[in-house]
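The values are calculated or read from the model by the stated rules, or taken from the named source; none is laboratory data. Since this is a predicted model, take the numbers as computed values, not measurements. A quick note on method: Cβ atoms are made from the backbone with ideal geometry, for glycine too, and the neighbour counts reach across all protein chains shown. Just the protein is used for accessible areas: all its heavy atoms, side chains included, with ligands, DNA and RNA removed. Shrake-Rupley method; radii C 1.70, N 1.55, O 1.52, S 1.80 Å.
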Amino acid sequence: MRFALLLALLFSASAQAAAIDRFKTFLSGTKSARAEFAQTVHDRSGKVTQESKGSFVFQRPGLFRWVYAKPVDQVIVGDGERVWIHDRDLNQVTVRKLSRALGSTPAALLAGSADVEKAFELSEAGARDGLEWLEAKPREREAGFERVRMGFDADGIRAMELFDHFGQTTQLRFSSFVRNPKVDASEFRFQPPKGADVLGEK
């Protein structure tokens, strides 16, 4: 029993090191990235309430473009100063200053600065589905979510799970992930479409 307990403790320590080390390696070695994603939203009871797909590209620090295909049909752009959220069905744009929108959000874990531990408390979340999981809790109480889990393999990030304060869980699975591609600066510029209602901080 003592030997089994020792093995369990050693495995737990190595798993924690692996998850944290992989995350730090991802942060230090990934200046830009491009990928596709599949998103599933579950309510408190575990029922699927929404499914969507899309793509994203980011370049550190603070530049990103997150595009949802239908049925969500939304574009989110971080231009280094502001975050623009365009609901294409409603032709409505919401804009916020980047410092307020990015600080303790999941986007900060991907596209923010390398020093994320100022905004998040990091801990190991074990191994599951062939991935090493890291849990990040925002240090700010005003953050729009309770915690985020990120799943890594030897090649980098493969999944994220977001848990909000209402018991809702959003699962993201990444595919076709390309690290450090050449990125056109125009992808991070946003001009509200003609006739769009623009709300928020300009």
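Quickly run through the stretch 18-39 and pick out the residues that are among the small types (Gly, Ala, Ser), outside any strand (DSSP E or B) and open to solvent by 10 Å² or more (accessible area, probe 1.4 Å). If you could, list the steps in order and put the result at the bottom.
First, the residues of the stretch 18-39 that are among the small types (Gly, Ala, Ser): 18-19, 28-29, 32-33, 35, 38.
Right, trim to outside any strand (DSSP E or B) and you get 18-19, 28-29.
The answer is ALA18, SER28, GLY29.
Restricting attention to the stretch 56-87, which residues are among the β-branched types (Val, Ile, Thr) and open to solvent by less than 50 Å² (accessible area, probe 1.4 Å)?
VAL57, VAL67, VAL72, VAL75, ILE76, VAL77, VAL83
Given VAL148, VAL198, VAL178, which one is in a strand (DSSP E or B) and touching a helix residue (DSSP H, G or I) at 6+ places or on another chain (Cβ under 9 Å)?
Step by step, each of VAL148, VAL198, VAL178 is checked, and only VAL148 is in a strand (DSSP E or B) and touching a helix residue (DSSP H, G or I) at 6+ places or on another chain (Cβ under 9 Å).
Of all residues in the stretch 151-170 being among the hydrophobic types (A, V, I, L, M, F, W, C) and in contact with a strand residue (DSSP E or B) (Cβ under 8 Å, 6 or more places away or on another chain), which is surrounded by the fewest Cβ atoms within 10 Å (Cβ to Cβ)?
Only one residue tops the list, namely PHE163.
Taking the stretch 151-170 only, how many residues are outside any strand (DSSP E or B) and either among the acidic types (Asp, Glu) or at pLDDT 95 or above (or both)?
Residues in the stretch 151-170 being outside any strand (DSSP E or B) and either among the acidic types (Asp, Glu) or at pLDDT 95 or above (or both): 2 in total.
Criterion first (in contact with a Ser or Thr (Cβ under 8 Å, 6 or more places away or on another chain), within 22 Å of LEU199 (Cα to Cα), at pLDDT below 90 and among the aliphatic types (A, V, I, L, M)) does VAL67 satisfy it?
no
Name the residue, out of ARG173, ARG139, that is at pLDDT below 90 and open to solvent by 20 Å² or more (accessible area, probe 1.4 Å).
Just a single option satisfies the conditions, and that option is ARG139.
Output the residues belonging to the stretch 40-89 that are in contact with a Gly (Cβ under 9 Å, 6 or more places away or on another chain) and not in a strand (DSSP E or B).
Residues satisfying the conditions are ASP43, ARG44, SER45, ARG60, PRO61, GLY62, ALA69, VAL72, GLY80, GLU81.
Working carefully through the options VAL72, VAL41, find the one that is β-branched (Val, Ile, Thr) and closer than 26 Å to VAL116 by Cβ.
On inspection, the qualifying residue turns out to be VAL41.
Hey, can you tell me all the residues within the stretch 88-129 that are loosely packed, with under 15 Cβ neighbours inside 10 Å and modelled with pLDDT under 75?
Listed by number, the residues that qualify are SER99, ARG100, SER113, ALA114, ASP115.
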